[in-house]
Amino acid sequence: MKTARYGIRAVGVLALATAGIGTAVWACADSSCAPGWQIASGDYDCAGRAMISPGNDKRINLLMLMRSLHVADDPAPLPPVDRNDPQFGRAFMSWTGLRSALWPQEAVAEMPDDPAQVCEPAVNGSPAFLAAVAAEPGISAGERTALAALRATTGCNEGPWNDAAFASKPGREYLAYLKAADAFHKSDYAAATQGFAALSKAGAKWVAETAAYMPIRIGLRAAMVPAVDEWGDFAGPEKIDSAALAQARDGIAAYLKAYPAGRYAASAFGLKRRVAWLGGDTDALVGTYEAMLASTPGSQEAAADLAEEIDIKLLERPDAAKVIAAQGKAPLLLAAANLKQMRPSGDDAIGLSAADLAAQKAQFARHPELFGLLEASRIAYAGEDPKPILGILPDAARQASYTPLAFSRQMVRGMALSRLRDPNEAGFWRDLIGGASALYQKPLAELGLAVRWQRDGRVAQVFAPGSPVTDPSIREIMLQTVASPAIVRANAADAARPQHERDVARFTLLYKNLTRGAYGDFGRDLGLVPADANVDGGLWDFARQEAVPAGVFRKGRWSDGFPCPALAETAATLARTPADARARLCLGDFYRLNGFDGFALYRADGGDMVLGAGPDGFAGRALGRDDIYADIIADKRAAADVRAYALYRAIRCYAPSGYNGCSGPSRTMEELDAAQVSLATRKAWFTELKTRYPNSQWAKSLRFYW
């Protein structure tokens, strides 16, 4: 599909041209996208953080700026962890998640589609119309009923209008209004213009005022008609019907002159921005948006609406920073555009040099702290020497609370301390956590401390009693990755911890015991799993499920043909005799029957600045089913039924794709490729099974190799 030059499909443009505020364009809706567990990202990585930064959704940065300028008295509390959210974890946020956390919306029931309905009536304005009709003196009950029925079909009315049913003058005026509105919604703008013009001096005040307002909407709709290309995209201001746009501009002036405090005055003022945008008047748009950013309290939902509109109408432009800087008086918008330029890759990577930023300093005269954040952020995300950051952003980590801007400044300072391996970094994060009480701030500061302790080999401090690291997602990732057996075991047994965290610890401990060959430990640690532990839900993304399936080690499936005892007995046998071939095959069947093929605990990608990157203290290499079968096949002295079953299962590892589906846990792509045996080897396995063990049930049941 062709990419829209101006970032908006035509259907959206038509709605935006007549609405007060633009609708959101959701970015990164792909649920397979997930953020990296690090305190900052120069590129957008599917989530935002509670710091004004290049990697954030631009709308998040704008909202944080507004919340910094107008401090909310009652910031929203931390939302509970939503384990079905692809960006779960309170250290991160999506734009829609942030909006819903700050301003929860009631669910709206969707109306079922009517297959017989060809035209969808325009019903949005019905309540206002019906209220006006009900309040209008001189309209009979019969006329009110008839008007209500006609309003319900506006935009789809095929007649007749039954003019004779309206004897009163106001009744006829409301009828004339509906005829003009019907023409408008059918895109018959000439008829609509004529109809509303005839009502400008109507006796019914609601009709007269609304008729004076509608030329604005007609002009905006009509202006868009030639500006939609064959792909349904907005083709740009140069394609706009300038006469229709002038009608809208003149209509705004006329309406506000006649009704300066009218019912549509706020909408008319807002539509000035639509006129400026459609007409390509960037200077007017920049000036208006800057004033609105400075005056809109970030605690109001209008701030989120404004952020969405600015993102669509201005910041999506590839030259946004250039046109904003040229205006010379819009530091808030310029900050948002500069952050976009700091991204190191992708379409937004235009680049921002130190000289470019220094040339803008005068524009930030009234916002020195914001300029300091930009200076420090440019250094940090460009990978330059972080020492100057410490001078630009003084230590202010001992505050009772932080605005988003103040918190962002301290986070960038913390990034510099981290890169410098400063010995006081951990203390800095502890101080910052103490005042980081606003939405999403505390988990992000905790992430900084957790990564530092991880890098120092002090993971135990994260899980010590009274630890300042309390975020459940951070703790559960560390339990799966860098926590030692003793730490995981203690957490699993700690009744003071939440059940979900304990279940993640139990599952991780038992899984690593089995796959690393610590069978004696498995037998002892199995007692940490309650008899009623959950077994449902499967293993895919197990830690994000409401109930972790830790009970699979107690109540899973053990056998479906090859005779095997319960897993606890198999593990006990292996603890005594680790090379016992039958027990090893039974362990393989446990993996197969309970969905462990291809399963892996959380694995961190990246260097030591990423949460979960590092050794975990569990001895040995994690083994998969393919390792078990390969060892037994290589042992020519193994019992016939055992070796026949190993051959059978090794061959079936490649069914039906021809690719090894029994690979061990947490393998890289390179390791997976290396574990792939050749087709010739699989053929040899098949031949040996059929010729050496022809009477075994496994030879008889296998007809193919893959």
Förster radius 35 Å - calculated FRET efficiency between Ala326 and Thr470, Cβ distance, rounded to 0.05: 0.15
Mean Cα-pair separation over length for the range 134-259, i.e. relative contact order, pairs under 8 Å, 6 or more apart, %: 18 percent
With DNA, RNA and ligands ignored, accessible area of Glu369 (1.4 Å probe; Å², nearest 10): 100 Å²
Phe686 accessible area, 1.4 Å probe, all protein chains in place, Å² to nearest 10: 40 Å²
Spatial separation of Cα centroids for the range 232-289 and the range 137-158, in angstrom: 31 Å
Using θ = phi - 60° and Karplus 6.51 cos²θ - 1.76 cosθ + 1.60, couplings along the range 455-472 (whole Hz; Gly, Pro as x): 5, 7, x, 10, 4, 4, 5, 4, 9, 5, x, x, 4, x, 8, 10, 4, x
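Which value, in debye to the nearest 20, describes the size of the charge dipole of the range 600-706 about its Cα centre when Lys and Arg Cβ atoms bear +1, Asp and Glu Cβ atoms bear -1, and nothing else is charged?
Dipole magnitude for the range 600-706 comes out near 860 debye.
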Whole-Hz ³J(HN,Hα) from phi, Karplus 6.51 cos²θ - 1.76 cosθ + 1.60, for the range 137-143, glycine and proline x: x, x, 9, 6, 4, x, 5
Prolate/oblate/rounded call for the range 182-333, Cα gyration tensor, a/c under 1.5 rounded: oblate
Average projection area in nm² (convex hull over Cα atoms of the range 249-327, one quarter of hull surface): 5.7 nm²
Positive-end extreme of charge dipole, the chain - chosen from Thr288, Ala208, Thr96 (charges on Cβ): Thr96
Amide hydrogen neighbours beyond the local backbone of Asp233, cut-off 5 Å, H modeled: Ala10
Computed accessible area, Ser187, all protein chains, 1.4 angstrom probe, square angstrom: 70 Å²
Pairwise FRET efficiency - Ser242 versus Arg621, Cβ, R0 = 60 Å, nearest 0.05: 0.25
Vicinal HN-Hα couplings computed from phi for the range 41-51 (Karplus, 6.51 cos²θ - 1.76 cosθ + 1.60; Hz; Gly/Pro x): 9, x, 9, 5, 10, 6, 7, x, 10, 7, 10
Those lysines that a straight Cα-Cα span of less than 25 Å connects to Lys179, excepting residues fewer than 8 apart in one chain: Lys169, Lys201, Lys205
For the range 577-645 and the range 386-417, distance of Cα centres in Å: 46 Å
Nearby lysines by direct alpha-carbon distance to Lys313 (threshold 17 angstrom, same-chain neighbours under 8 apart not counted): Lys58, Lys239, Lys272, Lys322, Lys340
Surface/4 of the Cα convex hull for the range 552-649, nm²: 7.7 nm²
Cα principal axis extents for the range 277-422, largest first, Å: 53, 34, 28
Selection from Phe562, Thr577, Val535 lying farthest towards where the dipole of the range 503-594 points positive, charges on Cβ: Thr577
The chain, accessible surface, carbon-and-sulfur percent (1.4 angstrom probe): 55 percent
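Using +1 on the beta carbon of Lys and Arg, -1 on that of Asp and Glu, and nothing else charged, what's the dipole of the chain about the Cα centre, debye to 20?
Working: 78 positive and 78 negative charges, 255 e Å.
Around 1220 debye, computed over the chain.
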Farthest positive-ward along the chain dipole, Cα basis, beta-carbon charges - from Ser467, Cys653, Gln545: Cys653
Heavy-atom accessible area per residue - the range 350-410, 1.4 Å, Å²: 49 Å²
Relative contact order %, the range 281-400, counting alpha carbon pairs below 8 Å whose residues are six or more apart: 18 percent
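Placing unit charges on C-beta atoms (Lys and Arg positive, Asp and Glu negative, everything else neutral), compute the dipole magnitude of the range 192-262 about its Cα centre in debye, rounded to 20.
Working: 7 positive and 7 negative charges, 106 e Å.
Approximately 500 debye in magnitude.
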Interchain or long-range residues, amide H under 5 Å from Val548's placed H: none
Equivalent ellipsoid dimensions for the chain as semi-axes, Å, which come from the Cα gyration tensor, largest first: 61, 35, 23
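The values are calculated or read from the model by the stated rules, or taken from the named source; none is laboratory data. Just so it is clear, the structure is predicted and the values come from calculations on it, not from any experiment. Cβ: placed from backbone, ideal geometry, glycine included. Neighbour counts: every protein chain shown. All accessible areas refer to the heavy atoms of the entire protein, side chains included, with ligands and DNA or RNA removed. Shrake-Rupley method; radii C 1.70, N 1.55, O 1.52, S 1.80 Å.
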